[in-house]
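The values are calculated or read from the model by the stated rules, or taken from the named source; none is laboratory data. What you see is a predicted model, and the numbers here were worked out from it, not measured in a lab. Counting neighbours? That spans all protein chains shown, and the Cβs are built from the backbone with ideal geometry, glycine included.
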Amino acid sequence: MESGKIAASPCKFERAFEMEILRVCSYHRRDFDLAVTGTNSRDHDQVRSSLLRSINTTSSGLGRFQILPLEIVYEICFLLDIQSLLNLRHVNRRAHQIVRTTLGYKATITHALEALCVILRTKIASWFTLSDLFKVLCTKDCYFCGSFSGFIFLPSFTRCCFSCIREDSLPPLLISSVVKSRFKSSQVCLYSLVPTIRSLPGIYSMDEVVRKKRTQIIPAEFISTLSLREANERARVAQPKEKALLRYMVTTALPYLDIKSGGVQNGICCRGCQIALERALRSSGAQSNSCALRDKVYSYEEFMEHFRECREAQNLWMFSNHGVDVDNVSEFVRPGGWFKTRDVIMSFDRIADN
Ligand SMILES: [Zn+2]
Ligand SMILES: [Zn+2]
(Lines give C-alpha, C1' and ligand atoms only; values in the text may rest on other atoms or scores of the structure.)
(Ligands and ions follow the chains in the order given, each with its own letter.)
Protein backbone atom coordinates (compact mmCIF):
# COMPACT_ATOMS: atom_id res chain seq x y z
CA MET A 1 0.00 0.00 0.00
CA GLU A 2 1.29 3.47 -0.83
CA SER A 3 2.30 5.59 2.17
CA GLY A 4 0.09 8.50 0.98
CA LYS A 5 -3.03 6.36 1.24
CA ILE A 6 -2.19 5.27 4.80
CA ALA A 7 -1.94 8.93 5.87
CA ALA A 8 -5.10 10.01 4.03
CA SER A 9 -7.53 7.45 5.48
CA PRO A 10 -7.43 8.37 9.21
CA CYS A 11 -7.62 12.05 8.32
CA LYS A 12 -10.74 11.46 6.22
CA PHE A 13 -12.20 9.31 8.99
CA GLU A 14 -11.49 11.98 11.61
CA ARG A 15 -13.16 14.63 9.45
CA ALA A 16 -16.28 12.49 8.99
CA PHE A 17 -16.34 11.82 12.74
CA GLU A 18 -16.09 15.55 13.49
CA MET A 19 -18.93 16.32 11.08
CA GLU A 20 -21.13 13.82 12.93
CA ILE A 21 -20.32 15.48 16.26
CA LEU A 22 -21.13 18.87 14.74
CA ARG A 23 -24.46 17.55 13.43
CA VAL A 24 -25.50 16.14 16.80
CA CYS A 25 -24.06 18.67 19.25
CA SER A 26 -24.29 22.04 17.47
CA TYR A 27 -26.94 24.15 15.76
CA HIS A 28 -27.23 27.45 13.96
CA ARG A 29 -28.96 30.37 15.73
CA ARG A 30 -31.65 31.37 13.26
CA ASP A 31 -33.07 33.89 15.73
CA PHE A 32 -29.84 35.91 15.40
CA ASP A 33 -30.16 35.98 11.59
CA LEU A 34 -33.79 37.09 11.80
CA ALA A 35 -33.03 39.85 14.33
CA VAL A 36 -31.09 41.86 11.72
CA THR A 37 -31.93 43.08 8.22
CA GLY A 38 -32.80 40.37 5.74
CA THR A 39 -34.69 39.69 2.55
CA ASN A 40 -37.05 36.94 1.52
CA SER A 41 -34.78 33.94 0.98
CA ARG A 42 -37.43 32.13 -1.10
CA ASP A 43 -36.60 34.26 -4.16
CA HIS A 44 -32.86 33.82 -4.08
CA ASP A 45 -32.36 30.52 -5.90
CA GLN A 46 -33.96 31.83 -9.08
CA VAL A 47 -32.05 35.12 -8.92
CA ARG A 48 -28.79 33.30 -8.20
CA SER A 49 -29.05 31.05 -11.25
CA SER A 50 -29.95 34.04 -13.42
CA LEU A 51 -26.95 36.05 -12.16
CA LEU A 52 -24.60 33.10 -12.71
CA ARG A 53 -26.01 32.19 -16.13
CA SER A 54 -23.27 31.84 -18.73
CA ILE A 55 -23.80 33.68 -22.02
CA ASN A 56 -21.60 32.94 -25.02
CA THR A 57 -21.50 35.76 -27.48
CA THR A 58 -19.31 37.03 -30.27
CA SER A 59 -21.83 39.46 -31.76
CA SER A 60 -21.89 42.20 -29.07
CA GLY A 61 -19.05 44.59 -28.29
CA LEU A 62 -18.23 47.02 -25.52
CA GLY A 63 -18.37 50.22 -27.60
CA ARG A 64 -15.46 52.56 -26.84
CA PHE A 65 -14.16 50.14 -24.21
CA GLN A 66 -13.55 47.64 -27.01
CA ILE A 67 -10.13 49.22 -27.76
CA LEU A 68 -8.87 48.53 -24.21
CA PRO A 69 -6.99 45.31 -23.41
CA LEU A 70 -9.24 42.82 -21.63
CA GLU A 71 -7.09 43.02 -18.45
CA ILE A 72 -7.83 46.74 -18.20
CA VAL A 73 -11.56 46.15 -18.70
CA TYR A 74 -11.50 43.59 -15.87
CA GLU A 75 -9.54 46.03 -13.70
CA ILE A 76 -12.21 48.70 -14.31
CA CYS A 77 -14.95 46.21 -13.39
CA PHE A 78 -13.04 45.31 -10.24
CA LEU A 79 -12.97 48.98 -9.20
CA LEU A 80 -16.58 49.79 -10.07
CA ASP A 81 -19.04 50.16 -7.21
CA ILE A 82 -21.52 47.29 -6.86
CA GLN A 83 -24.47 49.23 -8.26
CA SER A 84 -22.52 50.36 -11.36
CA LEU A 85 -21.13 46.88 -11.93
CA LEU A 86 -24.61 45.35 -11.91
CA ASN A 87 -25.87 48.16 -14.16
CA LEU A 88 -23.03 47.43 -16.59
CA ARG A 89 -24.16 43.82 -16.69
CA HIS A 90 -27.41 44.96 -18.30
CA VAL A 91 -25.74 46.85 -21.19
CA ASN A 92 -25.45 43.87 -23.53
CA ARG A 93 -24.44 40.21 -23.72
CA ARG A 94 -20.71 41.00 -23.87
CA ALA A 95 -20.90 43.20 -20.76
CA HIS A 96 -22.88 40.45 -19.03
CA GLN A 97 -20.13 37.99 -19.91
CA ILE A 98 -17.34 40.31 -18.67
CA VAL A 99 -19.07 41.06 -15.35
CA ARG A 100 -19.79 37.37 -14.75
CA THR A 101 -16.08 36.54 -15.02
CA THR A 102 -14.87 39.45 -12.86
CA LEU A 103 -12.75 38.34 -9.90
CA GLY A 104 -14.91 37.47 -6.89
CA TYR A 105 -18.26 37.73 -8.74
CA LYS A 106 -19.06 34.02 -8.85
CA ALA A 107 -18.14 33.37 -5.20
CA THR A 108 -20.06 36.42 -4.02
CA ILE A 109 -23.22 35.55 -5.96
CA THR A 110 -23.00 31.92 -4.85
CA HIS A 111 -22.41 32.52 -1.13
CA ALA A 112 -23.44 36.11 -0.37
CA LEU A 113 -26.50 36.74 -2.54
CA GLU A 114 -28.79 37.37 0.46
CA ALA A 115 -26.38 40.03 1.77
CA LEU A 116 -26.00 41.46 -1.74
CA CYS A 117 -29.79 41.85 -2.04
CA VAL A 118 -29.84 43.71 1.28
CA ILE A 119 -26.94 45.91 0.10
CA LEU A 120 -28.84 46.84 -3.06
CA ARG A 121 -32.19 47.40 -1.34
CA THR A 122 -30.70 49.53 1.47
CA LYS A 123 -29.07 51.76 -1.19
CA ILE A 124 -25.52 51.34 0.13
CA ALA A 125 -24.34 49.52 -3.02
CA SER A 126 -22.91 52.62 -4.68
CA TRP A 127 -20.47 53.13 -1.78
CA PHE A 128 -18.57 49.85 -2.06
CA THR A 129 -17.06 47.56 -4.69
CA LEU A 130 -17.68 43.88 -5.23
CA SER A 131 -14.11 43.24 -4.09
CA ASP A 132 -14.95 45.00 -0.79
CA LEU A 133 -17.79 42.54 -0.27
CA PHE A 134 -15.67 39.59 -1.40
CA LYS A 135 -12.99 40.59 1.10
CA VAL A 136 -15.51 40.63 3.98
CA LEU A 137 -16.96 37.31 2.78
CA CYS A 138 -13.48 35.76 3.11
CA THR A 139 -12.84 37.35 6.53
CA LYS A 140 -13.52 35.03 9.44
CA ASP A 141 -13.51 37.11 12.61
CA CYS A 142 -15.33 40.14 13.95
CA TYR A 143 -13.39 43.36 13.34
CA PHE A 144 -14.49 44.75 16.70
CA CYS A 145 -13.88 41.85 19.12
CA GLY A 146 -12.07 39.09 17.19
CA SER A 147 -14.73 36.37 17.69
CA PHE A 148 -16.05 34.23 14.87
CA SER A 149 -18.56 36.34 13.02
CA GLY A 150 -21.53 35.68 10.74
CA PHE A 151 -22.60 39.27 10.03
CA ILE A 152 -21.56 42.40 8.14
CA PHE A 153 -21.83 45.98 9.41
CA LEU A 154 -23.06 47.69 6.25
CA PRO A 155 -21.99 51.35 6.80
CA SER A 156 -18.31 50.33 6.62
CA PHE A 157 -18.49 46.81 5.10
CA THR A 158 -16.87 45.34 8.19
CA ARG A 159 -17.24 41.89 9.74
CA CYS A 160 -19.15 41.97 13.02
CA CYS A 161 -20.60 39.38 15.38
CA PHE A 162 -24.05 39.22 16.95
CA SER A 163 -22.61 39.89 20.38
CA CYS A 164 -21.19 43.22 19.19
CA ILE A 165 -24.55 44.12 17.63
CA ARG A 166 -26.43 43.28 20.81
CA GLU A 167 -23.93 44.77 23.25
CA ASP A 168 -23.60 48.10 21.41
CA SER A 169 -19.96 47.61 20.39
CA LEU A 170 -20.45 48.92 16.86
CA PRO A 171 -19.64 52.49 15.72
CA PRO A 172 -22.41 54.97 16.66
CA LEU A 173 -25.24 55.68 14.24
CA LEU A 174 -27.61 58.56 13.62
CA ILE A 175 -30.97 58.97 11.96
CA SER A 176 -30.35 61.32 9.04
CA SER A 177 -33.33 63.56 9.86
CA VAL A 178 -31.52 64.49 13.09
CA VAL A 179 -28.65 66.11 11.22
CA LYS A 180 -30.70 67.30 8.26
CA SER A 181 -31.36 70.71 9.77
CA ARG A 182 -27.61 71.30 10.12
CA PHE A 183 -27.14 71.14 6.40
CA LYS A 184 -27.79 74.28 4.43
CA SER A 185 -27.62 72.36 1.16
CA SER A 186 -30.19 69.75 0.21
CA GLN A 187 -30.44 66.36 1.82
CA VAL A 188 -29.51 64.77 -1.52
CA CYS A 189 -26.11 66.39 -0.99
CA LEU A 190 -25.82 64.76 2.45
CA TYR A 191 -26.42 61.33 0.95
CA SER A 192 -23.72 61.92 -1.65
CA LEU A 193 -21.21 62.78 1.09
CA VAL A 194 -21.98 60.11 3.67
CA PRO A 195 -22.71 56.36 3.32
CA THR A 196 -26.41 56.22 4.09
CA ILE A 197 -28.45 53.11 4.80
CA ARG A 198 -32.13 53.14 3.89
CA SER A 199 -33.48 50.58 6.33
CA LEU A 200 -35.91 47.88 5.18
CA PRO A 201 -39.33 47.10 6.65
CA GLY A 202 -38.91 44.13 8.97
CA ILE A 203 -38.77 42.67 12.46
CA TYR A 204 -35.70 43.78 14.42
CA SER A 205 -33.74 42.76 17.53
CA MET A 206 -34.40 39.87 19.91
CA ASP A 207 -37.49 41.77 21.10
CA GLU A 208 -38.96 41.36 17.59
CA VAL A 209 -39.89 45.00 17.08
CA VAL A 210 -41.83 45.56 13.85
CA ARG A 211 -40.80 48.52 11.69
CA LYS A 212 -42.85 49.11 8.54
CA LYS A 213 -41.39 52.49 7.58
CA ARG A 214 -37.93 52.95 6.13
CA THR A 215 -35.37 55.12 7.97
CA GLN A 216 -32.25 56.84 6.65
CA ILE A 217 -29.32 55.91 8.91
CA ILE A 218 -25.81 57.34 8.79
CA PRO A 219 -22.60 56.57 10.73
CA ALA A 220 -21.93 59.31 13.30
CA GLU A 221 -18.18 59.33 12.55
CA PHE A 222 -18.78 60.94 9.16
CA ILE A 223 -20.91 63.65 10.66
CA SER A 224 -18.24 64.62 13.18
CA THR A 225 -15.76 65.08 10.35
CA LEU A 226 -18.20 67.50 8.81
CA SER A 227 -17.92 69.66 11.95
CA LEU A 228 -21.38 69.02 13.30
CA ARG A 229 -22.14 69.12 16.98
CA GLU A 230 -22.13 65.38 17.21
CA ALA A 231 -22.80 65.05 20.90
CA ASN A 232 -25.84 67.31 20.79
CA GLU A 233 -27.20 65.60 17.75
CA ARG A 234 -26.74 62.15 19.19
CA ALA A 235 -28.62 63.13 22.29
CA ARG A 236 -31.59 63.95 20.11
CA VAL A 237 -31.86 60.44 18.71
CA ALA A 238 -35.15 59.34 20.26
CA GLN A 239 -35.16 56.71 23.02
CA PRO A 240 -32.30 54.28 23.81
CA LYS A 241 -34.49 51.40 22.61
CA GLU A 242 -35.04 53.15 19.27
CA LYS A 243 -31.33 53.89 19.01
CA ALA A 244 -30.50 50.22 19.68
CA LEU A 245 -32.75 49.17 16.81
CA LEU A 246 -30.53 51.07 14.35
CA ARG A 247 -27.72 48.54 14.87
CA TYR A 248 -29.99 45.70 13.77
CA MET A 249 -31.16 47.70 10.75
CA VAL A 250 -27.65 48.26 9.40
CA THR A 251 -26.34 44.69 9.78
CA THR A 252 -27.14 41.51 7.90
CA ALA A 253 -26.08 37.86 7.98
CA LEU A 254 -23.04 36.96 5.87
CA PRO A 255 -21.40 33.51 5.90
CA TYR A 256 -17.65 33.01 6.03
CA LEU A 257 -16.01 31.57 2.91
CA ASP A 258 -12.73 29.75 3.44
CA ILE A 259 -11.11 30.53 0.14
CA LYS A 260 -8.53 27.72 0.46
CA SER A 261 -10.92 24.85 1.14
CA GLY A 262 -14.04 26.37 -0.45
CA GLY A 263 -15.94 25.61 2.79
CA VAL A 264 -18.70 27.95 3.97
CA GLN A 265 -19.62 28.51 7.62
CA ASN A 266 -22.51 30.46 9.19
CA GLY A 267 -21.45 29.98 12.81
CA ILE A 268 -22.77 27.40 15.28
CA CYS A 269 -23.72 27.24 18.95
CA CYS A 270 -23.48 24.39 21.46
CA ARG A 271 -26.57 22.26 22.18
CA GLY A 272 -24.88 20.96 25.32
CA CYS A 273 -24.57 24.46 26.77
CA GLN A 274 -28.31 25.04 26.15
CA ILE A 275 -29.14 21.78 27.97
CA ALA A 276 -26.83 22.81 30.84
CA LEU A 277 -28.59 26.18 31.09
CA GLU A 278 -32.07 24.63 31.08
CA ARG A 279 -31.06 22.16 33.79
CA ALA A 280 -29.51 24.90 35.93
CA LEU A 281 -32.63 27.07 35.63
CA ARG A 282 -34.80 24.14 36.76
CA SER A 283 -32.67 23.56 39.85
CA SER A 284 -30.51 25.95 41.80
CA GLY A 285 -30.19 28.66 39.14
CA ALA A 286 -27.78 29.34 36.33
CA GLN A 287 -24.26 30.69 36.71
CA SER A 288 -23.59 34.22 35.52
CA ASN A 289 -21.81 33.12 32.33
CA SER A 290 -24.31 30.37 31.39
CA CYS A 291 -26.28 32.56 28.98
CA ALA A 292 -23.10 33.92 27.39
CA LEU A 293 -21.84 30.35 26.87
CA ARG A 294 -25.19 29.32 25.38
CA ASP A 295 -25.10 32.29 22.97
CA LYS A 296 -21.44 31.95 21.97
CA VAL A 297 -21.02 31.42 18.24
CA TYR A 298 -18.18 29.14 17.09
CA SER A 299 -16.49 28.22 13.85
CA TYR A 300 -16.31 24.44 13.25
CA GLU A 301 -12.73 24.33 14.50
CA GLU A 302 -13.51 26.40 17.59
CA PHE A 303 -16.51 24.21 18.36
CA MET A 304 -14.43 21.03 18.31
CA GLU A 305 -12.11 22.65 20.87
CA HIS A 306 -15.13 23.57 22.99
CA PHE A 307 -16.54 20.03 22.63
CA ARG A 308 -13.44 18.60 24.27
CA GLU A 309 -14.21 20.70 27.37
CA CYS A 310 -18.04 20.72 27.41
CA ARG A 311 -19.33 17.81 29.49
CA GLU A 312 -22.97 18.33 28.41
CA ALA A 313 -22.05 18.24 24.73
CA GLN A 314 -20.05 15.05 25.33
CA ASN A 315 -23.01 13.51 27.18
CA LEU A 316 -25.31 14.50 24.34
CA TRP A 317 -22.99 12.75 21.90
CA MET A 318 -22.86 9.59 24.03
CA PHE A 319 -26.61 9.46 24.77
CA SER A 320 -27.36 9.95 21.09
CA ASN A 321 -25.68 6.60 20.56
CA HIS A 322 -22.89 8.40 18.74
CA GLY A 323 -25.19 10.23 16.40
CA VAL A 324 -27.81 7.50 15.75
CA ASP A 325 -30.61 8.79 18.04
CA VAL A 326 -31.05 12.55 17.70
CA ASP A 327 -34.77 12.91 18.48
CA ASN A 328 -34.35 14.32 21.98
CA VAL A 329 -33.87 17.95 21.00
CA SER A 330 -34.40 20.98 23.26
CA GLU A 331 -37.44 23.16 22.40
CA PHE A 332 -35.03 26.09 22.20
CA VAL A 333 -32.74 24.33 19.75
CA ARG A 334 -35.45 22.94 17.46
CA PRO A 335 -36.47 26.26 15.78
CA GLY A 336 -32.89 27.60 15.97
CA GLY A 337 -33.07 29.82 19.04
CA TRP A 338 -35.54 31.93 20.96
CA PHE A 339 -38.58 33.45 19.28
CA LYS A 340 -40.91 35.69 21.22
CA THR A 341 -43.75 34.91 18.83
CA ARG A 342 -43.67 31.56 17.16
CA ASP A 343 -44.93 32.94 13.84
CA VAL A 344 -42.06 35.41 13.53
CA ILE A 345 -40.52 33.53 10.61
CA MET A 346 -43.76 33.73 8.64
CA SER A 347 -44.21 37.37 9.60
CA PHE A 348 -40.68 38.10 8.49
CA ASP A 349 -41.36 36.63 5.05
CA ARG A 350 -44.63 38.57 4.75
CA ILE A 351 -43.07 41.92 5.65
CA ALA A 352 -40.07 41.29 3.39
CA ASP A 353 -42.50 40.75 0.50
CA ASN A 354 -43.92 44.27 0.84
ZN1 LIG B 1 -17.68 41.10 17.83
ZN1 LIG C 1 -21.05 23.49 25.30
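Is it the case that the stretch 85-100 has a residue that's over 27 Å from residue 194 (Cβ atoms), small (Gly, Ala, Ser) and surrounded by 18 or more Cβ atoms within 10 Å (Cβ to Cβ)? Yes, the stretch 85-100 contains at least one residue that is over 27 Å from residue 194 (Cβ atoms), small (Gly, Ala, Ser) and surrounded by 18 or more Cβ atoms within 10 Å (Cβ to Cβ). Restricted to the stretch 264-312, and to residues there that are more than 10 Å from ligand 2 (Cβ to nearest atom), of a type in the set (Gly, Ala, Ser) and over 18 Å from residue 146 (Cβ atoms), the residue that is modelled with the lowest pLDDT is 286. The set of residues in the stretch 16-43 being in a helix (DSSP H, G or I) and either closer than 30 Å to residue 250 by Cβ or at pLDDT below 80 (or both) consists of 30, 31, 32, 33, 34, 35, 41, 42, 43. Against the conditions (1) surrounded by fewer than 21 Cβ atoms within 10 Å (Cβ to Cβ); (2) of a type outside the set (Phe, Trp, Tyr); (3) farther than 18 Å from residue 170 by Cα, residue 115 satisfies every one except (1). Under the condition of being under 22 Å from the mean Cα position of the chain (by Cα) and either more than 23 Å from residue 56 (Cα to Cα) or hydrophobic (A, V, I, L, M, F, W, C) (or both), the residues counted in the stretch 84-143 number 38.
Residue 168 meets all of the listed conditions (1) at pLDDT below 95; (2) in the same structural domain as residue 245 (by TED's automatic domain parsing); (3) crowded, with 22+ Cβ neighbours inside 10 Å but one, namely (3).
In the stretch 269-280, the residues that are within 16 Å of ligand 1 (Cβ to nearest atom) form Cβ pairs under 6 Å with partners that are of a type in the set (D, E, K, R), at six or more places apart or across chains, as follows: 269/29.
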